[in-house]
Structure formats: structure tokens, C-alpha cells
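Report on one structure; see the data block that follows.
Derivation of every value follows stated rules applied to the coordinates shown; laboratory data play no part. Predicted model only: the values in this text are computed from it and were never measured. Heads up, the Cβs are rebuilt from the backbone with ideal geometry, glycines too, and the neighbour counts pull from every protein chain shown.
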């Protein structure tokens, strides 16, 4: 951390806000809040201006580059046209690739040389901006006594935001790198660094104290405060009690997970005490949402896409009532240009070269509409109703929302004869031709796996339909956390903490099973089958499958596999394609009814991992700076 701890944390440089957030609808800041060091803390307006630079430190992982990689588990694979994205490096076991010095294209969101806190989405990197944000939060906390021209409410709002960000930046780092020094004061520039790396759970305890203290002073909704009414309707991204409680719970659940417990205690089981603490935090938060005190609720399934994109709403930011924590939406005009293309086969219906494809083995997690899993895609199952000759029939409704499979209509408008591969073959372009050797199958710039991912784009996002306008109509932006995630984390925490899927936090009415069924009800999926609720051990695979489906491709899977200590185990090291032949009459209107033959899966990549791959390597220059800051084992 030679550059970042010594300069960002121990320097005497004073940080002041240099620019506003990109979307002033959500974080409104007046020009009067650009202030000097002398006046930074004297009143709420100035201190809030100082504080809001912390929001500028949140990378937009969805739109960090022209095309973007954030799914690093067994869930996604990239086309072979280019190999600069981090998912390719991870597939090859090269975890060093998160670092900017190994990223020649500058495409990753984990690190960035030449970073800044302005509105440039290309200049955001989690590693440097976390250390910068930690120092800034500490500076603010150490100068709170100078905020004399303010009400108690205003002082609480400043304090709560600073505490939250100090906890959040530490949490974001330790989940990837393991225990680190927890910086809770401004370090003098002339002091030699000897800060030891703490155990993961020691860091989690300190982050928990910050999240708890933040939750205790922050409002549920800024719009309902005297201070927040001055920016009424523009407070959606501002840190509140709900966000602090949600991350308090996540921080505790991660600390109680097998990997983190193993790093801290040597036991690779769940730590039940941390899980109980997580359940309590989630329960406190969910009660506020369910009783109407907080403005958060699940979106209707017909509006599910609004979690991830909006269309035709002039730079409207996605998220709706379900997004708990989001960063600012930088560069709305251009952020969708490459992101929307990265999911569509080229040159069939869209341009571009880098494509991100859902693996066939991950799509298998999408079970049947009755709530039962698919045990083997090649075998019929009378209980679930799965039939390998009709593999798309009767599936979980989220499968049809998220995944493009063979025969789905991908182009709605006119395709001229000249656009068809052969005269009169427009239908081979219009309808996803994903059978083995189909037109959409292309390992370089098409589908390597037999599926496409459309969870984050509308069906009209292609060069024929002109269903989006790069200047304003399509806006893609994923949240770091949404309400459905909290319900699923609560289910995991309470089941593992109390040893039963029928258990519940003492202060809250829902059991672990209730929480999962609540999420399934939104999509119209059958409830958890009786055979999975007999014990925590029986429930665990089904809970994890539910998490895989509901939160698919939203950037959670890599860390979930890591914290469950499954990342290096088969079958989670495998990435597969689905292979089949079309049979019989092709039904254009009901592709789920199409019959297939010879269905099977083929391994297209196996990741060779060892124990060291559970943690990302630190930068060698940082790990060599002083003795107490040791490199992660094996690196």
C-alpha cells in the first residue's frame, strides 16, 4: 500500500469536493458547497459538500468501461474475440489481473491508476478510492466538533454518513483480500506505518461498530427530515438507516461464513453467533420496510427489469423501490453504448466483439415453475415435470425473463432480405438460433454456451428494432444491494445461526423458509418443497440455488462461492455449453414448446485453482512496504 496507505491515509493533503455527481436528480449539491479548508466544517451546507465526495468514490461496476466484467464465478464466460477483461484472467487462475498494472486496457473496476473523484466513470477504482474514502471519512469524523452552526439533526446526518462510508470501504476491501488494517483515525504524514493486518472477524467487528453507530443516528428517509426537505425528492442515494442496517447484516453474515470463519478461527463451518447478529440486523431493517416506515419494497414482477434498466425515461436511473444501495450514475449518455451490446451476438443482430454469456451449468439452477430443481438436464423427472425433449417448458418464470434460449424472438421489427444470411432466411436472424451450429452460436463474437443473457437489456436493444436511443432512452445501472438480496441473506443467516430453516429472529415474524417463499411469490414460483426444510443441512443447497437464480449475474456469485468455500471445488470450477438438435416443427410463437434431440452439456473450460485462490493477492509493492502488511498466502 505504498502509494495508497502512505499517501492517501497518512498524507497531510486536505480533500475538498471538486465536482458534483453526474445525476443531480439523485444527489443535489449547490455550488456554494465548494469550499476552502478554512470553511469546510463550519455549517451543514459546507460539511455536506465535503462529505458528498465520498459518493464519488463508489465505482459504477456496471459501466466502468465500454464493456464491463463483474461476474467472476462459474456463472458467466466471455467470448474469445479479446481477452483483456478480468473474468478471462480469473478463468486462467491469474488473480493478479485486478491490478491496474496488469490491465493494459484499463477496463477493470477494482483498480485504476490515475483515479479521480470527478464524474469520469472511467477513472473509478475500488482499491484507491476506498483508501481515499477511508481517510476522508476519518478527517470528517475528527472535525465534527467544528460543526457548530448546525442543528442536532444536521450533525447526526453528517456523522452517520461518515461512519457508514468508513465501514463500507473497509468491508468492500476485506471481502476480497481478507483481514486488513482498520483505519479509524487520520494518520500523521511523518509516522512510520506498522499497522498489522487484523483477522477478518476483527475487521468485521470494527466495521459493525461503524454501521451500527451510523444506523443509530441516520433517518429512515431523508425526505422526512427537516434538513432533507431542502432537497426533497433528490435524496434517494443519500445514506440512511436502512442502508446502514443492511450492510451491518451483510458484514456480520460474511464474517460468519465458512471462508471468513476459517481465516479467523481455523474452522470452515458457519459461525453461528455472527449469523445470529446478521439475522437481527436484517430483521430490524425488514420490519421498517414491511411496516411502511421505509420507502422500500419489492418491485412487481412486471416491473422487475426496473431493478437494472429503464427505457424511454430520459436518463432515468434504474432501481425503483427495491434498490437499497447504489452509487451515482456516471455518464448516463454513453454508459449504455457498449454495455447493451455485450449481450447480443455479433454480427447477427448487433455489433461489437466482446460478449458475456451465461454458462449452461449456471442456467441449470433455474428450476421449474413449481419450485423444484432440475437434477439432470438429460433425464426426465416425473416429480418436477422436467422433460429433456422439451427443456424450456414449465420453467421458473425468471428463466424466461433473464435467459434467451433457442427459438426466442430477438428482433421484433423488419429484417430486409439483404440482412439475411441467405435469401429468405430472415427468420434465422429474428429467432435465436442457438442449437448446435446455429447462427447465433459463435465462440468469438456470439454464444459459446447455447444461451444469451437479456436480464439487463430489453428485447428491442438491437440494430434492427432501434428500441433504444444512446442519448437518453436506455439506462443500465445495477445496484450493489437490493431488497431481494436482504431477504435471502436473512434466510441464510437465520437458518445457519439457529440451525433450522423453520427458525426466525426473535424480533421478526418470517422464518428462513418464509423469506425465500416471499421472493418466489413475486415471480410466481412454487414454494420450497417439504424435503428441503427438514434441517439446515437439507435447506442449504436449495437456499443457495435460490440465491443463484434471484441474484443471477448481478455480481454476487464469485464472492458467494468464495465465502462458502466452494470456489475451488468441482462442479463450481466448470463452465459448460448446452448442445442439442432441433426436432419437428418449429413453433415461432411458443418457443418453450419446441422439441429437441440429443440434449447434453459439454465442458468448455475448467478452472485450475488451489487454496490460495480464495483471496485476491495484494499489490506486491504494498505488501513489501512494511513487515506487518504481509501478502496473502500462496501469492
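What is the extension gain from residue 585 to residue 401, computed as 0.36 nm multiplied by their sequence separation minus the C-alpha to C-alpha distance, in nm to one decimal? List each step's numbers first, then the result.
Details: separation 184, 0.36 × 184 = 66.24 nm, distance 2.43 nm.
Gain in length upon complete extension: 63.8 nm.
Please compute the Kirkwood hydrodynamic radius of segment 537-594 from all pairs of different C-alpha atoms, in Å with one decimal. The partial results should precede the final answer.
Numbers: mean 1/r = 0.0691 Å⁻¹.
Final number for the Kirkwood radius of segment 537-594 is 14.5 Å.
For labels at residue 194 and residue 290 in the simple 7 Å Cα→Cβ model, what's the distance in nm?
My value for the distance between the label points is 5.1 nm.
Could you work out how far the C-alpha centroid of segment 271-311 sits from that of segment 399-421, in angstrom?
Using only Cα atoms, the two centres lie 35 Å from each other.
Nearest 10 degrees is fine. How inclined is helix 483-498 to the longest principal axis of the chain, computing both from alpha carbons?
For helix 483-498, the angle is close to 80 degrees.
Between residue 621 and residue 83, what length in nm is gained on full extension when 0.36 nm per residue of separation is reduced by their alpha carbon distance? Please report the intermediate quantities before stating the final value.
Values: separation 538, 0.36 × 538 = 193.68 nm, distance 2.54 nm.
Stretched out fully, the residue 621 to residue 83 stretch lengthens by 191.1 nm.
Between 0 and 90 degrees, rounded to the nearest ten: what's the tilt of helix 200-217 against the longest Cα principal axis of the chain?
Roughly 70 degrees, rounded to the nearest 10.
Does segment 496-635 come out rounded, prolate or oblate, given a ≥ b ≥ c as the square roots of the eigenvalues of its C-alpha gyration tensor, rounded meaning a/c under 1.5 and, failing that, prolate meaning a/b above b/c? Kindly include the intermediate steps, with their values, before the conclusion.
On the way: a/c = 2.69, a/b = 1.26, b/c = 2.13.
Cα axes put segment 496-635 in the oblate bin.
If I take every Cα pair under 8 Å that is 6 or more residues apart in segment 124-281, average their sequence separation and divide by the length, what percent do I get for the relative contact order? Present the calculation step by step, with values, prior to reporting the outcome.
Numbers: 214 pairs, mean separation 33.6, N = 158.
Worked out over segment 124-281, it gives 21 percent.
What is segment 404-452 by shape, rounded, prolate or oblate, if you read a ≥ b ≥ c off the alpha carbon gyration tensor as root eigenvalues and call it rounded for a/c under 1.5, prolate for a/b larger than b/c, and oblate otherwise? The partial results should precede the final answer.
Working: a/c = 2.24, a/b = 1.59, b/c = 1.41.
Since a/c reaches 1.5 and a/b is larger than b/c, the shape of segment 404-452 is classed as prolate.
Can you tell me what the convex hull of the Cα atoms of segment 481-559 projects to on average, as an area in nm²?
Values: hull surface 20.7 nm².
The orientation-averaged projected area of the Cα hull of segment 481-559 comes to 5.2 nm².
Apply the Debye scattering formula to segment 69-217, with a single equal point scatterer on each alpha-carbon and no solvent, then give log10 I(q)/I(0) at q = 0.13 Å⁻¹.
-0.73
Tell me, what is the percent relative contact order of segment 310-383, built from C-alpha pairs under 8 Å that lie six or more residues apart?
On the way: 35 pairs, mean separation 10.1, N = 74.
Result for segment 310-383 is 14 percent.
Full extension from residue 444 to residue 529: what is 0.36 nm times the residue separation minus their Cα-Cα distance, to one decimal in nm? Walk me through the intermediate numbers first.
On the way: separation 85, 0.36 × 85 = 30.60 nm, distance 4.09 nm.
The span from residue 444 to residue 529 would gain 26.5 nm if fully extended.
I want to check the label-to-label distance for residue 302 and residue 628. Put each point 7 Å from Cα in the C-beta direction and report it in nm to one decimal.
Calculated label separation equals 6.0 nm.
Suppose R0 equals 45 Å; then what is the FRET efficiency for residue 113 and residue 313 from their Cβ-Cβ distance, rounded to the nearest 0.05? Write down the numbers at each step before the final one.
Values: r = 35 Å, r/R0 = 0.78.
FRET efficiency, residue 113 to residue 313: 0.80.
I need to check one value: relative contact order of the chain, counting alpha carbon pairs closer than 8 Å and at least 6 residues apart, in percent.
Values: 1314 pairs, mean separation 111.3, N = 635.
Relative contact order comes out at 18 percent.
Quick one: check the C-alpha center-to-center distance for segment 424-490 versus segment 555-589, whole angstrom.
One Cα centre to the other: 16 Å.
Using just the helices of the chain, give the 222 nm mean residue ellipticity in deg cm²/dmol: DSSP H runs with n ≥ 4 each add -39,500 (n - 2.57), and the total is spread over all residues, rounded to 500. Please list the in-between numbers first.
Values: 17 runs with 191 residues, N = 635.
One gets -9000 deg cm²/dmol as the mean residue ellipticity at 222 nm.
Taking a cut-off of 19 Å, what percent of all Cα-Cα pairs in segment 313-461 are separated by more than that? It would help to have the intermediate numbers written out before the result.
On the way: 6634 of 11026 pairs.
That tail contains 60 percent of the Cα-Cα pairs.
Would you mind listing how long segment 237-390 runs along its three principal axes, going by Cα atoms, in whole Å with the largest first?
52, 48, 35
Please label the shape of the chain as rounded, prolate or oblate, based on the square roots a ≥ b ≥ c of the eigenvalues of the alpha-carbon gyration tensor (a/c under 1.5 means rounded; beyond that, a/b larger than b/c means prolate, else oblate). Walk me through the intermediate numbers first.
Details: a/c = 1.62, a/b = 1.47, b/c = 1.11.
Verdict is prolate for the chain.
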